[in-house]
Amino acid sequence: MNNLLIFNRAESSRLSLNISLLLLRVGIAGELFFVHGLKKLGVGTGVAEAVPNPFHLPETLNYWTAVSANLFFPILVMVGLFTRLSVIPTLVVTLTGYFIVHANDPLLEKDIPYVYSLVFIFLLIAGPGKFSIDYLISTKKKVRS
């Protein structure tokens, strides 16, 4: 309990940060995968969710961009593999949702892409933390050199 009350221990705060990054990565990417990604395939809903196409891309490209940003890349974020690169496609989709698809909607409609965007921007800047495959890869590279 005393460790919870001490805020200036560098080692304790680094561990807390890395645990927080792990929980944030798994929580937000898992939520995106299960709530929004599976709907795109029709899992749990019976019919695949319609994907907006504000840039008028070819339908197949638009669909697979949205599916990969909601299913494939969140898996990479959860395990912490190519994390900073993996958040970029998801950010493109969530920021498009916020600024274009829901541009004229009230805040109650656009709060979901807003929150996802903020969290993925944070992960882009902060990285995955110590409890990630990215960290293991970078540690092995340092040992070899």
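The values are calculated or read from the model by the stated rules, or taken from the named source; none is laboratory data. Remember, it's a predicted structure, so these values are computed and weren't measured experimentally. With ideal geometry, Cβ positions are generated from the backbone for all residues, glycine too; neighbour counts draw on all protein chains shown. Remember, those area values only see protein heavy atoms, side chains included, never the ligands or the DNA or RNA. Shrake-Rupley method; radii C 1.70, N 1.55, O 1.52, S 1.80 Å.
Give the residue that is nearest to the chain's Cα centre (by Cα), with candidates limited to residues of segment 69-82 that are open to solvent by 60 Å² or more (accessible area, probe 1.4 Å) and of a type in the set (Val, Ile, Thr). Ranking the qualifying residues of segment 69-82, first place goes to ILE75. The condition of being of a type in the set (A, V, I, L, M, F, W, C) and touching a residue at least 60 places away in the same chain (Cβ under 8 Å) holds for only one of PHE55, PHE122, PHE34, that being PHE122. Quickly run through segment 81-136 and pick out the residues that are among the β-branched types (Val, Ile, Thr) and in contact with a Ser or Thr (Cβ under 6 Å, 6 or more places away or on another chain). Correct list: THR94 only. Candidates in segment 28-68 are the residues that are open to solvent by 40 Å² or more (accessible area, probe 1.4 Å) and among the small types (Gly, Ala, Ser); of these, the one that is farthest from SER86 (Cα to Cα) is GLY46.
Residue check: is PHE131 in contact with a helix residue (DSSP H, G or I) (Cβ under 9 Å, 6 or more places away or on another chain) and free of Cβ contacts under 8 Å to residues at least 24 places away in the same chain? Here the answer is no, as PHE131 does not meet what is asked. When every residue of segment 105-119 is checked against the conditions, at least one turns out to be touching a residue at least 60 places away in the same chain (Cβ under 8 Å), within 18 Å of ILE28 (Cβ to Cβ) and either out of contact with any Gly (no Cβ under 6 Å at 6 or more places or on another chain) or surrounded by fewer than 16 Cβ atoms within 10 Å (Cβ to Cβ) (or both).
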